[in-house]
Amino acid sequence: MVFRPRDLADRMAARRKPDDGFLRETFTLPRAEARTTARDFFTRFPKAAYMSKVESWRELPGGDIEFTMRRLRSAD
């Protein structure tokens, strides 16, 4: 049974498996650590080779940042 809109969104997101060739990682971190993690991600997987990007992000009520990074599986 769904209690909150967020529960429904989580359930629907879990079912959805995008088949577009991208790998996605979702993080929930304090703001400073989120910035460091995103920078490290772009260092490891450069935009030019992996088409890396921050796909979505939001600030949670406690001040943490939830964000999803996206990249191609491999660079040719």
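What are the residues in the range 49-69 that are outside any strand (DSSP E or B) and loosely packed, with under 15 Cβ neighbours inside 10 Å, if any? First the steps, then the outcome.
Residues of the range 49-69 that are outside any strand (DSSP E or B), as a first pass: 49-52, 60-64.
Of everything in the range 49-69, those that are outside any strand (DSSP E or B) and loosely packed, with under 15 Cβ neighbours inside 10 Å turn out to be ALA49, MET51, LEU60, PRO61, GLY62, GLY63.
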Tally, over the range 18-56, of residues that are within 11 Å of MET69 (Cβ to Cβ), in contact with an Asp or Glu (Cβ under 8 Å, 6 or more places away or on another chain) and charged (D, E, K, R):
1
For the range 15-48, enumerate the residues that are over 24 Å from SER74 (Cα atoms), assigned to a helix (DSSP H, G or I) and among the aliphatic types (A, V, I, L, M).
ALA32
Report whether or not PHE67 is of a type in the set (A, V, I, L, M, F, W, C) and at pLDDT 90 or above.
yes
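The values are calculated or read from the model by the stated rules, or taken from the named source; none is laboratory data. Quick caveat: nothing in here was measured; it's all calculated off a predicted structure. All Cβ positions, even for glycine, are placed from backbone atoms using ideal geometry, and neighbour counts span all protein chains on display.
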